[in-house]
Amino acid sequence: MRPFDRVVLIFNPQSTGEAQERAEGLRRDLAQQAPDLAVELLPTEHAGHATELARTVAQTGAPLVVSVSGDGGYNEVVNGVMQAGNQRAVAAVLAAGNANDHRRATQERPLAEAVTRGNVSRIDLLRFTSDGPDGRAVRYAHSYIGLGLTPVVAVDLEKGGKGSLREMVTVVRSFAKFRPFQIETEGGRQSFDSLVFANIAQMAKVATLAEDQGRPDDGMFEVITLRHTAKWRILATALKASTTGLGKQPSVRTYAFTTVTPLPLQVDGEVVELPTGTAVRVDIVHDALPTVM
């Protein structure tokens with residue numbers, strides 16, 4: 001017997017990634033391959049709605065909650081499932097977005113086949129805890145958390161639109177105006193151009209962050225640091241990431257810092273603004289999320 005009693009597909013009907021069409025296609029595939037399995041489609045109506053829907057769905061029974069989206073939409077669903085606190089709830093993603101780093105890094109078979117088989121495994125999640133002027137906030141990430149150049153590019157992409165040529169122009173513009181950031185760590189104040197905490201080995205479609213590392217079930221995450229340097233060195237690092245990869249990176253279970261200035265931070269593609277003086281802790285929650293791949 002499958003470990004879930006129904007499938008709920010959450011999607012944004014306004015998505016540029018044809019989320020509704022992909023959701024309806026998965027429902028048709030499951031009707032053929034698993035006719036005994038109830039499948040429901042739930043469209044979102046506003047930003048953050050996927051978290052609300054996933055939390056409500058995951059509170060009862062043993063649902064498989066599928067985000068038909070990119071990495072950001074899946075982040076919302078993952079957080080909703082985690083907030084529900086139901087150990088029987090399972091989450092998965094059907095790629096229908098721009099980067100889809102998580103699905104690309106973890107896919108083992110087509111999702112309809114994975115659902116039909118019903119083989120559930122567990123993956124780690126990054127847990128981001130911030131203590132600032134507005135109190136404590138906790139959020140989970142399935143793939144990565146980034147500071148510096150990563151969220152700056154993400155913000156500009158949202159403003160300038162997506163698509164290969166537009167993305168290239170946006171990245172170049174973002175890079176030209178980018179400035180380094182500072183944070184306080186146990187080692188004192190440090191200046192970075194980029195700081196990424198990675199639960200998977202790849203991001204941004206082509207960049208390989210951690211060679212032979214980055215498994216989302218190993219109880220560790222990788223810390224990829226680029227201290228402030230000349231811009232040509234940043235370009236050289238980006239080129240290396242997209243070709244040969246960055247090689248072996250430090251693996252840790254926790255990383256803490258305090259912001260020195262207001263700072264944007266990217267969580268699976270979604271940008272969070274951190275005020276000055278915010279204490280941040282990133283740690284790994286081993287085997288946190290049941291999923292099908």
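The values are calculated or read from the model by the stated rules, or taken from the named source; none is laboratory data. Here the structure is a predicted model, which means the values were calculated and not measured. A quick note on method: Cβ atoms are made from the backbone with ideal geometry, for glycine too, and the neighbour counts reach across all protein chains shown.
Observations on the structure shown:
- Selection from the stretch 31-71 of residues that are in contact with a helix residue (DSSP H, G or I) (Cβ under 8 Å, 6 or more places away or on another chain), in contact (Cβ under 8 Å) with a residue 40 or more places away in the chain and in a loop (DSSP other than H, G, I, E, B): 34, 37
- Verdict on residue 78 being within 19 Å of residue 123 (Cβ to Cβ), in contact with a strand residue (DSSP E or B) (Cβ under 7 Å, 6 or more places away or on another chain) and not in a helix (DSSP H, G or I): no
- Scanning the stretch 30-38 turns up at least one residue that is on the phi < 0 side of the Ramachandran plot, charged (D, E, K, R) and over 17 Å from the mean Cα position of the chain (by Cα).
- Taking each residue of the stretch 274-291 that is more than 22 Å from residue 83 (Cα to Cα) and looking for partners that are polar (S, T, N, Q) and outside any strand (DSSP E or B) with beta-carbon atoms closer than 8 Å, six or more apart or interchain, yields 276/261.
- Pick from the stretch 178-209, criterion under 12 Å from residue 144 (Cα atoms) and modelled with pLDDT under 85, ranking: surrounded by the most Cβ atoms within 10 Å (Cβ to Cβ): 203
- Among residues of the stretch 10-30 that are over 19 Å from residue 71 (Cβ atoms) and in contact (Cβ under 8 Å) with a residue 60 or more places away in the chain, those with a Cβ under 8 angstrom from a residue that is assigned to a helix (DSSP H, G or I) and among the β-branched types (Val, Ile, Thr), sequence gap 6+ or separate chain, pair up as 30/115; 30/116.
- Residue check: residue 167 meets all listed conditions (1) farther than 22 Å from residue 77 by Cα; (2) modelled with pLDDT of 55 or more but one, namely (2).
- Every residue from the stretch 107-123 that is assigned to a strand (DSSP E or B) and buried (at least 21 other Cβ atoms within 10 Å of the Cβ): 123
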